[in-house]
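Chemist: Provided herewith is a single structure, encoded as structure tokens, for subsequent inquiry.
The values are calculated or read from the model by the stated rules, or taken from the named source; none is laboratory data. Keep in mind that what you see is a predicted model, and the values were worked out from it rather than measured. Cβ coordinates were reconstructed from backbone atoms using ideal geometry, including for glycine residues, and neighbour counts include every protein chain displayed.
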Amino acid sequence: NKYRADHLLDENGVKVSEATGLELLEKLLNENRVSCPDCGSVNWKVSSFLTMFQTNIGPYKENIGFLRPETAQGMFVEFRQIYEINRARMPFGVAQIGKAYRNEISPRQGLIRLREFSQMELELFFDPLNSRCPYLDEVKDVIMNILDEEKVRRGDSVPHNVNAREAVEKGLVKEEWLAFMMALSQKFLCMLGIRPEFQRFKAKLEGERAHYSAQTFDHEVLTGKFGWIEVAGHAYRQDYDLKSHSIKSKTSMEVVEELGCPIKVSKRFAYLDPTKVKRDFGQLSTQIFKAVSGMKPYELAELLERYGKIDVSGTVIGKEYFIFKEVEETVSTRKYIPHVIEPSFGIERIVHVVLEHAYREKEDRVILSLNEEIAPYKYAVFPLVKKDGLDVKAKEIYLMLKLKGYSVLYDDDGSIGRRYARADEIGVCKAITVDYQTLEDDTVTVRDRDSWLQNRVKIFEI
């Protein structure tokens, strides 16, 4: 059987980063005599594995495709159209919920590691030269537990306790929009019932995060069974995606901003050096020139400055094959490719942590203490017995509450104690019991799910 090497080590008390090399992983597995969960063997061989699902498109074997590992790219491809629909205003965000696929080596831990899962992703597009977020004061009371890269590198598990503005001012988070989204993410999980002390944001080190990300934080929740579990990721993707799609599709992803008055700017352009390209690439030269001709010279210069090379139809071309020119221009508009902040949530993982944190046991009975916002029913209505008009009165109250817009459960099966227990198990917030006194004075008992306390109130007060 095959297993994730880093996960096996972690389960056996050996902490490694996601960027750990194959040789070191193999050495650690064998030195620590980590045994196979199935056969007990302690002899390991580590190799790389592609976690994208490969398939053939149509009837042709050479037409290879992959199932999407994230939902994000559809939003990047449609950026130009969405930008125009938004009347060319910046910043703006696009959200999407959908299926994603990862060819996991050993999917385990229930909902935690799946090959097919649901994602909620948001792409926030903003101007990198005007990246101020005007909403930080709206989340000033959200105190986050942040492990920045320095603490992660040192193995320090004591987090900074800061709000979004403080996180930016102290240099823990690079962009205001990123800090704002992290605070909203914490508020969202609090609304679902996860208390702040069980949440933290852990920075990914440079070798662990995606190559396009300038900064990434995992939003983690502490669980009883699996420890800290990542339920969301918050990445500063810069302009990598839009720029890549722009180059490959030859469709501009630029935003045009009108300037108050013309200004002089210095631009750097990159052009292929024909002599060097023909000398070193021979017959591929024609294909390379054709592919590069569709790219904008200033975008090429930016890519080469950032990465030192570009990939042209599978051929890597280093910056030494380009000639760079500096040009001064007078412009009345500013063109730029927006930068992106991306919060990405795993829905199944969120379901798991919410249910675990809501689960209680009291006197050998199960209580699902879900927040009112996500509980399946706000009220349950029970007649004490199904006779003497109590059931009729109970149904009247049930319909009244339904008309008021509440989610309501009606149950008249079994003893009142069994009905209370069933309601507690599925997370019904309050149970209303109609008894003989109800027929006399229009009062009912309202029982709280978590405390089991009961109060008698007038029906119209519910």
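Chemist: Output the residues belonging to segment 43-93 that are in contact (Cβ under 8 Å) with a residue 24 or more places away in the chain, farther than 21 Å from F345 by Cα and of a type in the set (S, T, Y).
Modeler: S47, S48, Y83
Chemist: Another question about this same structure. Take segment 314-340 and flag every residue that is charged (D, E, K, R) and touching a residue at least 60 places away in the same chain (Cβ under 8 Å).
Modeler: E326, E328, E329, R334, K335
Chemist: Got at least one residue in segment 206-219 being within 23 Å of H352 (Cβ to Cβ), buried (at least 20 other Cβ atoms within 10 Å of the Cβ) and of a type in the set (S, T, N, Q)?
Modeler: yes
Chemist: Further question on the same structure: Please work out if R447 is buried (at least 20 other Cβ atoms within 10 Å of the Cβ), modelled with pLDDT of 95 or more, in contact with a strand residue (DSSP E or B) (Cβ under 7 Å, 6 or more places away or on another chain) and in a strand (DSSP E or B).
Modeler: Criteria met by R447.
Chemist: Follow-up. Select, from I64, I57, I146, I105, the only residue that is in the same structural domain as L189 (by TED's automatic domain parsing) and touching a His at 6+ places or on another chain (Cβ under 6 Å).
Modeler: I146
Chemist: Going by the conditions given, is K45 modelled with pLDDT under 85, of a type outside the set (V, I, T) and either under 30 Å from S131 (Cβ atoms) or surrounded by fewer than 13 Cβ atoms within 10 Å (Cβ to Cβ) (or both)?
Modeler: no
Chemist: Which of the residues spanning segment 259-288 are of a type in the set (D, E, K, R) and without any contact (Cβ under 8 Å) to a residue 60 or more places away in the chain?
Modeler: Correct list: R268, D273, K276, K278, R279, D280.
Chemist: Hey, another quick one. What residue, among those in segment 170-191 that are out of contact with any Pro (no Cβ under 9 Å at 6 or more places or on another chain) and surrounded by fewer than 18 Cβ atoms within 10 Å (Cβ to Cβ), is farthest from T20 (Cα to Cα)?
Modeler: Once the filter is applied, the top-ranked residue is M191.
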